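What follows draws every value from the coordinates through simple rules; no lab data is involved. This structure is a prediction, so every number in the text was calculated from the model and none was measured. So basically every Cβ, Gly included, is an ideal-geometry build from the backbone, and we count neighbours across all protein chains shown.
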Amino acid sequence: MKCSVVWDSLMSSEIIPPARPYFPRTDIDKMKEHLDRILTSGMLTLGQYTREFEREFAAIVGVRHAVAVNSGTSALEIALRAHGLGQGNEVILPTNTFGATAAAVIFAGGKPVITDVSRSTMTIDSDAVEHALTPRTKGVMAVHIGGIVCPEIESIREICDKKDLFLIEDAAHAHGSKIGRKSAGSFGSAGCFSFYPTKVITSGEGGMITTNKEDVASIAKILRDQGKESFSSNRIVRLGYNWRMTELSAALGIIQLGRLSEFVEKRNAIAKIYDEGLEALELERVVTPANQVNNYYKYTFFLPKEIGRDKFKALCRERGVTYGGEVYWPPLHLQPAFREFVPENARFDVAEERGRRMVNPPMFSQMTREQTARVIDIARDVLSDLKS
């Protein structure tokens, strides 16, 4: 109780940050115990904590296998390689995603084919996939944005099954998110998660590949450890890399995983306050589909067309509220590094129009009602000032 009082007092005097990981004192004490065991054992990577984290994560997602790695980016590239991506193969993916999604395709030897997104959730849809198919298509990467599972993931999977394509979920935002009772990371032939510090749960740095396919899991374990046939062998059977997760990261991941349902519940409570406040301000927002559980990694709303985003964010910052980076701006087709993969006549009207107006207010598991209300009040005041 004393800890929470100190936390609330500290937060009330600070600028409200866009995100913040949460480690209550009990979890810090657990981590100290785990640290002692790990350092005493001398097993600092690919040991019992990594195996336990993999088992627990697989159980929560509802898949047979989970493979822990050192980042979400690594998870994407390993998953692509484990599916046999090669030179000349194309992978369809949305423009509204982080650069790592497309970069992983390139590093794995393939070519990203970038599509526009749906207006409602800014995720890829089945029509975009159908239009992007060519004889060179090897697979599709569906990206779950801000905690919403790509609503057309089932339809996209049907397309992939019909065309004998792989379907990889970029689930970096989607720990604990679901459609019905089915979890993100269990729809495709593989799911890829990130445990970066801003995510709903974190291991400091780290990632996870989830799959029901024995061959994908087996290849992923080889690739993450320099391509060795086993941890104790020096026989290289594939070209891999050092993509291992440390035991320290796995221990922290286990602790955070135990709080996932709590964090998702608290974020949904914050989102409900945002919903009510933004509706009163008549601001458009991304609405979670009725059949989904959204973990609210990010909450997204859209500014009126006449309001400049940079000015809005700067004025909110001056008054004590810091907005995070958008999910995503700039989109892939406007990023210099991926320009060569964008045909001259390609159009991305939805991503550009929605992306230029989106903003993401603070969202973290220990936000108070008072802080959330303050974000709304300041947004109202800033919008009023900018319109006057």
Query raised in the report: What residues qualify as long-range amide H neighbours of Gln226, i.e. H under 5 Å apart, gap of 5 or more or another chain, H built at 1.01 Å from N?
Result: Tyr241, Asn242, Trp243
Requested in this report: Could you pull out every residue, at least 5 positions away or on a different chain, whose amide H is within less than 5 Å of the one on Thr137? Hs are placed 1.01 Å off N in the peptide plane, and Pro or chain starts have none.
Outcome: Glu90
Query raised in the report: Can you list the lysines whose alpha carbon is less than 22 Å from that of Lys111, not counting same-chain residues fewer than 8 positions off?
Result: Lys138, Lys162, Lys163
Query - the chain - mean residue ellipticity at 222 nm from DSSP helices (-39,500 (n - 2.57) per run, n ≥ 4, rounded to 500) - result: -13000 deg cm²/dmol
Query raised in the report: Taking R0 as 22 Å, what's the FRET efficiency between Lys311 and Leu334 from their Cβ-Cβ distance, rounded to 0.05?
Result: 0.60
Report summary line: Toy charge model, Lys and Arg Cβ at +1, Asp and Glu Cβ at -1: the chain dipole around Cα centroid in debye, rounded to 20, equals 620 debye
Report summary line: For the range 175-181, Karplus-derived ³J(HN,Hα) couplings (6.51, -1.76, 1.60; θ = phi - 60°; whole Hz; x for glycine and proline) come out as 4, x, 7, 8, 10, x, 9
Query raised in the report: In what order do His65, His34 fall by count of nearby beta-carbon atoms within 10 Å, going from fewest to most?
Result: His34, His65
Report summary line: So the FRET efficiency between Ser388 and Ser230, C-beta based with R0 = 56 Å and rounded to 0.05, is 0.25
Report task. Please give the length that would be gained between Thr368 and Glu158 if that part of the chain were fully extended, namely 0.36 nm times their separation in residues minus their C-alpha to C-alpha distance (nm, one decimal). Result -> 71.4 nm
Report summary line: If the chain between Asp349 and Ala280 were fully extended at 0.36 nm per residue, the gain over the current Cα-Cα distance would be 22.0 nm
Query raised in the report: Long-range amide H contacts for Thr300: which residues qualify at under 5 Å (H placed 1.01 Å from N, peptide plane, sequence gap of 5 or more or a different chain)?
Result: Val286
Query raised in the report: In the range 165-221, which trypsin sites (Lys or Arg not before Pro) fall in coil by DSSP and have 14 or fewer other Cβ atoms within 10 Å?
Result: Arg181
Report task. Pop out the ³J(HN,Hα) list for the range 269-274 in order, Karplus 6.51 cos²θ - 1.76 cosθ + 1.60 with θ = phi - 60°, rounded to Hz; leave Gly and Pro as x. Result -> 5, 5, 4, 5, 5, 4
Report summary line: A correct Karplus calculation of ³J(HN,Hα) over the range 295-310, with 6.51 cos²θ - 1.76 cosθ + 1.60, θ = phi - 60°, whole Hz and x for Gly and Pro, returns 7, 6, 3, 10, 10, 10, 9, 10, 6, x, 4, 7, 9, x, 5, 4
Query - Residue exposure sequence - Ser194, Ser183 - by fewest surrounding Cβ within 10 Å - result: Ser183, Ser194
Query raised in the report: Given R₀ = 35 Å, FRET efficiency for Glu214-Asp27 by Cβ-Cβ distance, to 0.05?
Result: 0.55
